[in-house]
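Encoded as structure tokens, the structure appears first; notes follow it.
The values are calculated or read from the model by the stated rules, or taken from the named source; none is laboratory data. Just so you know, these numbers come straight off a predicted model, no measurement behind them. Cβ placement follows ideal geometry from the backbone for every residue including glycine, while neighbour counts extend to all protein chains displayed. With ligands, DNA and RNA removed, areas are computed over all heavy atoms of the protein, side chains included. Shrake-Rupley method; radii C 1.70, N 1.55, O 1.52, S 1.80 Å.
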Amino acid sequence: MSMTDTISQPVEAAGVAQPSMEIDIPHPQIIGDEQVPTLAAESSTKPPPPHSKRRRGDENDEPREPLSEVILRRLTRIKEGDTVMLRLPSDAIKVVTIEKNGLIQLGKYGAFPASQLLNLHYDITYEIIGGSASTSASGTSTPLPFLDEDAAMNDKRGNGKGKGKGKGRENDIKSNPGWKNVLRPLKRQNVVEAVIDDITETNEHIHDLPEMEKQTLSHEEIAELRAQGMSVEEIIKKQEESHERFKLKTEFSKEKWRRRKEKKFSTTVHPLSPSIPNILSHYSDRSPASILHLRMDTLSQLLNMANVRPGGRYLVVDDTGGLVTAAVLERMGAQGKILLFTNSDSPPGWGVLNTMNISERELECVKWLNWMEAQDDYERPPPPPEDENAKPAKVAQRLRKHNAQVAELNATRDELHLGGWDGLIIASTLSPISILSFLSPFLLGSAPLVVYSPHQQVLAELLAWSKKDPNYLHDTLSESWTRTYQVLPGRTHPMMNTSASGGYLWSAIKVHPSEYRSDSHFRMKRRKTGKAAEKEIPRVSLEGATENPATRAENVEAVVEPSVEIAEGEAEVEQVL
């Protein structure tokens with residue numbers, strides 16, 4: 001076997017499947033990621049011993065990639081299988097799943113192959129360009145220097161795999177011209193920095209007209225210009241020239257007019273990184289009830305009050321689709337432990353975590369229990385009886401699976417009941433009083449507790465309950481308020497629309513009160529209430545007290561007499577004063 005055949009074995013890298021080659025390669029020649037030695041080296045070295053072959057458990061001994069690199073790559077690069085949020089020129093969000101052989105269709109904004117997004121960066125605006133032109137006519141886009149030519153060649157090779165898929169792809173290419181389009185980064189445009197005192201134009205001679213009358217070019221003329229290969233900038237320039245009163249507008253009005261036309265005619269996409277601010281903004285506009293109307297400023301206050309940090313261990317009750325869990329996981333850097341509680345027997349619904357493309361490596365620190373499994377006296381029922389005609393191998397396999405699940409469940413339960421958790425975070429529609437009563441005993445002293453609710457009355461009742469419980473210290477009820485500002489040169493002002501409320505937060509500190517009461521505590525209480533000392537003394541634990549009632553009475557008298565003498569002495573001092 002030649003050296004060339006050895007190196008060109010099939011390898012899957014960067015989510016792109018290389019074409020397989022039918023070559024028999026013995027396992028001893030490749031160990032881990034080491035390179036294959038040359039033929040001269042093979043002849044001079046001894047064959048490896050039989051026990052040097054890799055076993056199934058040896059993968060765990062290899063050094064793993066740092067979690068920081070895994071998180072950074074997830075937030076910066078697009079890979080196959082990711083869920084990507086594309087912001088269109090109209091500011092609408094379209095959620096797509098990146099498939100290598102898929103076509104992303106955006107309606108009037110065009111279409112392009114999903115493979116064009118592979119290995120691109122998030123948070124960059126890309127322009128959709130026809131495949132025949134490498135750049136737009138106006139030069140508003142830039143080439144992609146980081147595109148791999150080998151990957152493009154592999155895409156062409158991989159497109160021929162599968163007879164059915166190949167035929168369907170050829171038919172789509174013939175029917176939809178979007179397969180020939182490519183993506184190029186859009187050049188950054190400068191913001192107008194006009195000085196207000198230098199502006200002489202006014203808008204007093206400009207009248208508000210219907211949208212159809214504002215159109216300086218007809219739809220047929222615009223379609224003809226696009227067919228000629230004109231870019232969006234050139235079409236907008238044509239409209240400026242045919243606009244009679246465009247010069248009467250101020251610089252700010254001209255920029256608004258251009259932005260409005262760009263949203264209407266440009267063919268661009270902006271992939272948003274799967275970060276908490278972008279996810280929260282998307283869900284707030286799409287379905288705020290699914291995240292309990294949680295707002296970004298309220299979520300940041302929740303994380304700060306809970307003192308979330310890397311390496312921490314937190315109990316989380318999350319009914320926001322996994323948004324709070326994802327925020328805690330991101331703040332921790334996937335280093336620590338998170339224990340979730342759910343109402344169903346199945347794993348919690350993590351729609352937000354799936355949208356954020358969080359890998360299994362990052363989810364290793366997340367465990368879950370339902371409320372029944374978290375009880376002290378819970379025992380998992382045995383597996384159902386097997387069929388008499390079932391094969392012994394399948395019966396043994398199901399039994400091993402059941403035993404593994406029971407072992408994992410018992411380990412999670414033991415970890416909960418051992419206590420020592422650093423905090424409790426609740427964002428649920430369930431009663432917070434019942435949740436706190438059950439979970440707070442598992443917390444460390446001085447551990448923070450935070451409860452979120454979109455309703456004030458729920459947390460007001462919780463505050464009244466916690467004020468009477470000595471286990472909670474510094475319990476407060478707060479509400480955050482935010483307002484969005486437009487920050488532009490000479491045009492900074494608050495936006496007209498804002499949300500009415502972002503929910504409410506109850507926070508407290510878990511303490512373990514001592515049973516010891518000093519004598520000064522009871523004397524101070526007697527001065528305020530005027531009660532006799534005999535009624536207060538039995539609350540103090542008496543050392544050396546036995547079960548004999550007579551002995552206990554003697555101990556009580558011995559303790560009461562000095563207290564009565566002290567009380568009489570205090571009364572005499574007060575009379576003298």
**Complete:** Relative to the compact-globule estimate 2.2 N^0.38 Å (N residues), the Cα gyration radius of the range 404-502 stands at a ratio of 1.57
**Prompt:** Using all Cα-Cα distances in the range 221-273, what percent lands in each 10 angstrom bin from 0 up to the longest?
**Reply:** 22, 47, 25, 6, 0
**Message:** Assuming 0.36 nm per residue, please report the length gained on full extension of the stretch LEU363 to LYS394 beyond their Cα-Cα distance.
**Reply:** 8.2 nm
**Prompt:** Arranged from highest to lowest average of other beta-carbon atoms within 10 Å per residue, in what order do the peptides 116-124, 368-376, 218-226 appear?
**Reply:** 116-124, 368-376, 218-226
**Asked** With labels modelled as points extended 7 Å from the Cα through the Cβ direction, what inter-label distance (nm, one decimal) is found for SER434 paired with ALA460?
**Response** 2.3
**Item:** Cleavage-rule hits, trypsin sites (Lys or Arg not before Pro), the range 332-385, DSSP coil, Cβ neighbours within 10 Å at most 16
**Value:** ARG361
**Fill in**
For the range 414-517 the chymotrypsin sites (Phe, Trp or Tyr not before Pro) that pass both the DSSP coil test and the at-most-12 other-Cβ-within-10 Å test are TRP481, TYR516
**Message:** Quick check for you: with a 1.4 Å probe and neighbouring chains kept, what is the accessible area per residue of the range 339-393, in Å²?
**Reply:** 63
**Request:** Could you sort out which of LYS337/LYS401; LYS100/LYS254; LYS79/LYS187; LYS108/LYS249; LYS100/LYS256 sit more than 32 Å apart by Cα distance in this structure?
**Result:** LYS100/LYS254; LYS100/LYS256
